[in-house]
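First comes the structure, then the notes that go with it.
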Amino acid sequence: MADPTQRDKVQTTRVNEIVALCERANVDEHGPLAEAGSSALYRSAQGLPISRISSESEHGSDEAAAFCRGVLAQLQAIDIAALDEQPRLSTVVLRAALERRLAAARYYWYVSPVTPYRSFVGAFRLIFRSFDVDSDEARTRYLSVLKDVAAFALAAKDKLAGQAARGLTITARALPPIIALHRAAAASDGTPFLPGTEKLAALDERACERLLRDARAVFQHDVSPALHELAEYIAGPYAHSACAAFGQSAYPGGTDYYAHAVRANTTLAIEPSAVHARGLAVMDELREAMSELRSRLGFHGTAQEFHRSLRADPRFVPTRPEQIGERLQFFAERADVALPALFLRKPAAPFSTKRLSPDLEPGMTFGYYEPGAKPGECGNYVYNGSKLAERSLLSVASLALHELVPGHHYEINLSRENEALPRFRAFQSLATYIPAYHEGWAEYAADLGKELGIYEDPYDLYGRHALDSFISSRLVVDTGVNALGWSFDRAAEYLRENTLLSEGEIESELLRYATDLPAQSLSYKIGSLKFAELRERVRSQLGAAFDVRSFHDRIVRNGGMPLDVLESETLDFISDQ
């Protein structure tokens, strides 16, 4: 009879071998997972040198699928019950990631390479920002990688043409910001893909001048013409065949793709209709809470009248872009000071804010969190500072907690700094990203402001409710436009009636749901509801023994995981306690 201890060691060794195989594939710039710049982004997140940005192609997608299929077959032989905590979590998280990527390969033609919110122009800036250029060899690599942007743009054009031939064009309403973004990138007098200022400042004057001269030459000769060709194709032949309808349900096979996207983004076996119904119920609860708070504030008119007064109130209308960043920083620092009440530890990485590049702002409603180029480096919330008259400071406190502390900055950097995790889990926010976990945690974290004392001002609490209404309305509107055949106008009217979004924000949000990342917006509220549900389950079962700090530590320190895995981890936590 085999020794159980020896068998467990064999199983753990096998898991470590499979994880190492996948790690090598993740960083291999010529390997099966390099497709669509994936390995370049993954290497950049870890501060590794980059020598290639691979273009997107159906062949590359098929190669990735074949690799995933092979590794999944190996994982099937693993006896999960024989593993300790970290090998067990690595097995289930890796298996889920490979299954999602394999399923996504079936829908290769449904994912557009250029959309208003998710463009390679913005993504690749992250790569070049952290590019080391401190040697002749590094500078040569940089120029070679810069040329790859041209090839990537032309490959994007080819995919758009392939989608058009299959009747899978982006809605015409989304094209103006896409065209403007790529025209602006093509017209740059230098290049939008320069290394970061601190990288250039470290060079001597002659080396810096030579690099800038060579970069501009590559940009003008290779990159700019390719970006211009892409932009003009979208503005011309592609626009003539663009879809007049709105949402995934307008495409052949679009409802099947959307059902897949719902499962992939929520990591739950849930149908769009069930998500829609849950959204309607949550919105009813929020409307009641906001009505009660308006009464407390002494306002007796309608919700729309109150919201109009808030939009006109100078306390909540920024007069300069930096004011947005300053308020975000203020509330994040307040939350950081209060963290010991609910958390056992803090990440070492500091946090700050900075404004989006102006050419990216038209296609984004708010902004995004950007981790430091290397673990321990400052993470930033990159905010949208355009159209100040349409931007409200009312929900800034809630947004600061979502994006920075104890939201994205907190959970992303804790996992990056946890040396017990394999890199594919530690850097999950940039590699095998799980929206339901990361966005769900961030939205749950924003709600923790009620316990951290951040929403003592009733207007800040109303701003929290307003942001929650915006997040929750996505359950209704995302499913409405993509599964239930809602028109743009119907969806826009729902957002007008139930959120404080401006007309410009409504436009960019609906374009995001219909074209950029269908179903991704569902992950915020679905995930946060699951975190709250699991916390209440633990509290009710442990009673006086419940320690919320230990609970938070257990579910954050191990990095992102599918919600069903998170649920089993919570049951293990109850058992351990």
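Could you tell me whether residue 72 is outside the structural domain of residue 184 (by TED's automatic domain parsing), modelled with pLDDT under 95 and either polar (S, T, N, Q) or under 28 Å from residue 11 (Cα atoms) (or both)? For residue 72, the condition - outside the structural domain of residue 184 (by TED's automatic domain parsing), modelled with pLDDT under 95 and either polar (S, T, N, Q) or under 28 Å from residue 11 (Cα atoms) (or both) - is not met.
Checking the stated criteria, residue 461 turns out not to satisfy the condition of being within 29 Å of residue 497 (Cα to Cα) and crowded, with 24+ Cβ neighbours inside 10 Å. Any idea which of 342, 297, 286 is surrounded by fewer than 15 Cβ atoms within 10 Å (Cβ to Cβ), of a type outside the set (Asp, Glu) and assigned by TED's automatic domain parsing to the domain that holds residue 385? One residue alone meets the criteria, 297.
Across segment 385-420, the number of residues qualifying as more than 19 Å from residue 372 (Cβ to Cβ) and of a type in the set (D, E, K, R) comes to 3. Among the residues that make up segment 497-516, is at least one of them among the hydrophobic types (A, V, I, L, M, F, W, C), modelled with pLDDT under 95 and in contact with a strand residue (DSSP E or B) (Cβ under 8 Å, 6 or more places away or on another chain)? Within segment 497-516 (the criterion being among the hydrophobic types (A, V, I, L, M, F, W, C), modelled with pLDDT under 95 and in contact with a strand residue (DSSP E or B) (Cβ under 8 Å, 6 or more places away or on another chain)), the answer is yes, since at least one residue qualifies. Could you check, for segment 187-198, whether at least one of its residues is in a helix (DSSP H, G or I), farther than 16 Å from residue 147 by Cβ and in contact with a Ser or Thr (Cβ under 9 Å, 6 or more places away or on another chain)? No: segment 187-198 contains no residue that is in a helix (DSSP H, G or I), farther than 16 Å from residue 147 by Cβ and in contact with a Ser or Thr (Cβ under 9 Å, 6 or more places away or on another chain). Test residue 77 against the criterion of being small (Gly, Ala, Ser), assigned to a helix (DSSP H, G or I) and touching a residue at least 40 places away in the same chain (Cβ under 8 Å), and give yes or no. So residue 77 does not fit the description; no.
Applying the criterion of being of a type in the set (D, E, K, R) and surrounded by 15 or more Cβ atoms within 10 Å (Cβ to Cβ) to the residues of segment 523-536, the residue that is nearest to the chain's Cα centre (by Cα) is 525. Report yes if residue 280 is exposed (fewer than 15 other Cβ atoms within 10 Å of the Cβ), at pLDDT 95 or above and at negative phi, otherwise no. Answer is yes for this residue.
The residues in segment 243-282 that are touching a strand residue (DSSP E or B) at 6+ places or on another chain (Cβ under 7 Å) and in a helix (DSSP H, G or I) can be counted, and the count is 1. Residues being among the charged types (D, E, K, R), assigned by TED's automatic domain parsing to the domain that holds residue 343 and in a helix (DSSP H, G or I) are entirely absent from segment 553-565. Among the residues that make up segment 34-52, is at least one of them free of Cβ contacts under 8 Å to residues at least 40 places away in the same chain and in a loop (DSSP other than H, G, I, E, B)? Scanning segment 34-52, I find at least one residue that is free of Cβ contacts under 8 Å to residues at least 40 places away in the same chain and in a loop (DSSP other than H, G, I, E, B), so the answer is yes.
Scanning segment 228-242 for residues that are part of a helix (DSSP H, G or I) and either surrounded by 19 or more Cβ atoms within 10 Å (Cβ to Cβ) or touching a Ser or Thr at 6+ places or on another chain (Cβ under 8 Å) (or both) yields 230, 231, 233, 234, 238. Taken over segment 192-231, the criterion of being of a type in the set (Ser, Thr, Tyr) and over 27 Å from residue 372 (Cα atoms) is satisfied by 224 alone.
Contact map, segment 273-297: first residue under 11 Å from residue 462 (Cα atoms), second residue of a type in the set (Phe, Trp, Tyr), Cβ cut-off under 6 Å, separation 6 or more or different chains; pairs are 293/462; 294/306. Can residue 526 be described as β-branched (Val, Ile, Thr), at pLDDT below 95 and over 29 Å from residue 386 (Cα atoms)? So residue 526 fails the test. Looking across 167, 122, one residue alone is out of contact with any helix residue (DSSP H, G or I) (no Cβ under 9 Å at 6 or more places or on another chain), at pLDDT below 95 and not aromatic (Phe, Trp, Tyr). It is 167. Under the condition of being assigned to a helix (DSSP H, G or I) and closer than 20 Å to residue 380 by Cα, the residues counted in segment 307-328 number 8. Find the residue count for segment 375-394, including only residues that are over 21 Å from residue 118 (Cα atoms), charged (D, E, K, R) and either touching a helix residue (DSSP H, G or I) at 6+ places or on another chain (Cβ under 9 Å) or outside the structural domain of residue 427 (by TED's automatic domain parsing) (or both). Here the count works out to 2.
Among the residues of segment 339-348, those identified as part of a loop (DSSP other than H, G, I, E, B), under 17 Å from residue 401 (Cβ atoms) and among the hydrophobic types (A, V, I, L, M, F, W, C) are 342, 343.
Please specify each residue of segment 96-109 satisfying the condition of being in a helix (DSSP H, G or I) and modelled with pLDDT of 95 or more. Within segment 96-109, 108, 109 meet the criteria. Considering the conditions (1) surrounded by 16 or more Cβ atoms within 10 Å (Cβ to Cβ); (2) over 20 Å from residue 509 (Cα atoms), residue 262 is excluded by exactly one of them, (2). Does residue 211 satisfy being modelled with pLDDT of 95 or more and over 29 Å from the mean Cα position of the chain (by Cα)? Yes; evaluated as a whole, the condition is true for this residue. The condition of being part of a loop (DSSP other than H, G, I, E, B), out of contact with any Cys (no Cβ under 7 Å at 6 or more places or on another chain) and not polar (S, T, N, Q) holds for only one of 17, 56, 63, that being 56. Summed over segment 355-382, residues that are closer than 20 Å to residue 508 by Cβ and either out of contact with any Gly (no Cβ under 6 Å at 6 or more places or on another chain) or without any contact (Cβ under 8 Å) to a residue 60 or more places away in the chain (or both) total 17. Given the structure, is residue 326 closer than 19 Å to residue 448 by Cβ, out of contact with any helix residue (DSSP H, G or I) (no Cβ under 8 Å at 6 or more places or on another chain) and surrounded by 11 or more Cβ atoms within 10 Å (Cβ to Cβ)? No: the conditions fail for residue 326. As a summary of the residue check, residue 377 satisfies the conditions (1) outside any helix (DSSP H, G or I); (2) within 17 Å of the chain's Cα centre (by Cα); (3) closer than 24 Å to residue 127 by Cβ; (4) not hydrophobic (A, V, I, L, M, F, W, C) except for the one numbered (2).
The values are calculated or read from the model by the stated rules, or taken from the named source; none is laboratory data. The structure presented is a predicted model; accordingly, all values stated were derived computationally and were not measured. Positions of Cβ are generated from backbone atoms using ideal geometry, with glycine treated the same way; all protein chains shown enter the neighbour counts.
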